[in-house]
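Scroll down for the structure; my scribbles are underneath it.
The values are calculated or read from the model by the stated rules, or taken from the named source; none is laboratory data. Values in this document were obtained by computation on a predicted structure and should not be read as measured data. Every residue, glycine as well, gets a Cβ built from its backbone with ideal geometry; the counts of neighbours run over all protein chains shown. Quick note on the areas: whole protein, heavy atoms, side chains included, nothing else; ligands and nucleic acids left out. Shrake-Rupley method; radii C 1.70, N 1.55, O 1.52, S 1.80 Å.
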Amino acid sequence: MTTLAVMGMSKNTGKTVALNRLLASAAADDVAVGVTSIGRDGEALDQVFSIPKPPVVVWPGMLVATARETLQRAKARCKLVDGSGIDSPMGEIVVVKVLDGGEMEIAGASRGHDQLNIIARLRQCGASQVFLDGALGRSQHASPAIADGVVLATGAAVGGGIQDVIRKTRDRLAILGIAEADALTVARCTPVFAEGGVGMWDADGKVLFRAAIPSLNAGSVLLANDQASLAGVAVSGAVGRQLWLALETLARRHKGLWVVIADGTRLFVDAADLAAFRALGGQLVAMRRIRMAGLTLNPFSPLGGHFAAREFLEASRAAFDGLHVTDVLLEQNQQEEQPDGSFAA
């Protein structure tokens, strides 16, 4: 995976700690790394809760795409490599090369197309592996249109006991893990996703309706253009509550209705909504599948309460069999305890 996104279930789930572990491992393996953020990370205090945050730690030779203002506070010595012409509230996003490793605050581009521009610049400057750091309430950097894979951070800060956190994490993974459409369906829907808007087709693939309209207005338009032969619907934009209710109505009218979305980051409903839709006979698929690279755990919450780390890890591995699950701090402590560098799985 040449572009890996790190995203959190909520604040304080260990996303930055996981990112730092990835950066340290890449540095140890002498990988040419580029790193940026879709929001802001590495600042001294959390901007919401005003509690201390772990800094982002970068290593010599790494490329960092960040806003100019953050360089004034960097504890790592860097040199300017490239500008981007992309503005942010903290100044132009620029690419710098780390000369002496240390702590940095990283604030990158917030829009998807700007992120693609930044990733391209990092690669042009020599990065073979790019890490994308996420931000609270934003998941577009995890889209397969941007990232090849995703690491999801979860933990005690999500709220509730261990089983509550596991349930909430499973629900989130269900949203992100929408299956990819087959080749025929992708071919039928490609014009809709290329032009934007929505489309409707019958069982033979004949287009019944297509319009380049915002998702916000799409629900009523789809219902108004419903036909008896409807077999599938494609929605290129975000799917929120009102649009989802319209899709549920169509699924009730047309048994086995196919609905195609861009990917799981564009779906803003609950896992229970997915289950209800499927109970109606509806089929929900994505133009591109999100590849989950792993799940990282934080058993501590800075707002109070924590889990027994080993118990949380074992319960999560049992619950998410087939997905790589780790607690990076627990793993690090185990490595330090064993001189030969091995650690218990």
I'd like the residue in region 303-320 that is in contact (Cβ under 8 Å) with a residue 12 or more places away in the chain and of a type in the set (A, V, I, L, M) and, out of all such residues, is farthest from residue 169 (Cα to Cα). 303
Please enumerate the residues belonging to region 111-132 that are assigned to a loop (DSSP other than H, G, I, E, B) and at pLDDT below 95. 111
Selection over region 185-226 where residues are small (Gly, Ala, Ser), surrounded by 13 or more Cβ atoms within 10 Å (Cβ to Cβ) and under 18 Å from residue 241 (Cα atoms) yields a count of 4
What's the total number of residues in region 154-184 that are part of a loop (DSSP other than H, G, I, E, B), over 19 Å from the mean Cα position of the chain (by Cα) and surrounded by fewer than 17 Cβ atoms within 10 Å (Cβ to Cβ)? 4
Report the residue count in region 228-253 for those that are farther than 16 Å from residue 188 by Cβ, open to solvent by 10 Å² or more (accessible area, probe 1.4 Å) and more than 20 Å from the chain's Cα centre (by Cα). 8
Among (1) of a type in the set (A, V, I, L, M, F, W, C); (2) in contact (Cβ under 8 Å) with a residue 24 or more places away in the chain; (3) not in a strand (DSSP E or B), there is one condition residue 201 misses while meeting the rest; what is its number? (3)
Matching residues in region 133-149 (of a type outside the set (D, E, K, R) and modelled with pLDDT of 70 or more) number 8
Go through region 263-284 residue by residue and tally those that are surrounded by 20 or more Cβ atoms within 10 Å (Cβ to Cβ) and under 12 Å from residue 178 (Cα atoms). 6
Take region 201-233 and flag every residue that is among the aliphatic types (A, V, I, L, M) and closer than 14 Å to residue 282 by Cβ. 222, 230, 231, 233
Quick check: anything in region 71-92 assigned to a strand (DSSP E or B) and among the small types (Gly, Ala, Ser)? yes
Per-region count, region 259-295, residues of a type in the set (Lys, Arg), under 17 Å from residue 190 (Cα atoms) and part of a loop (DSSP other than H, G, I, E, B): 2
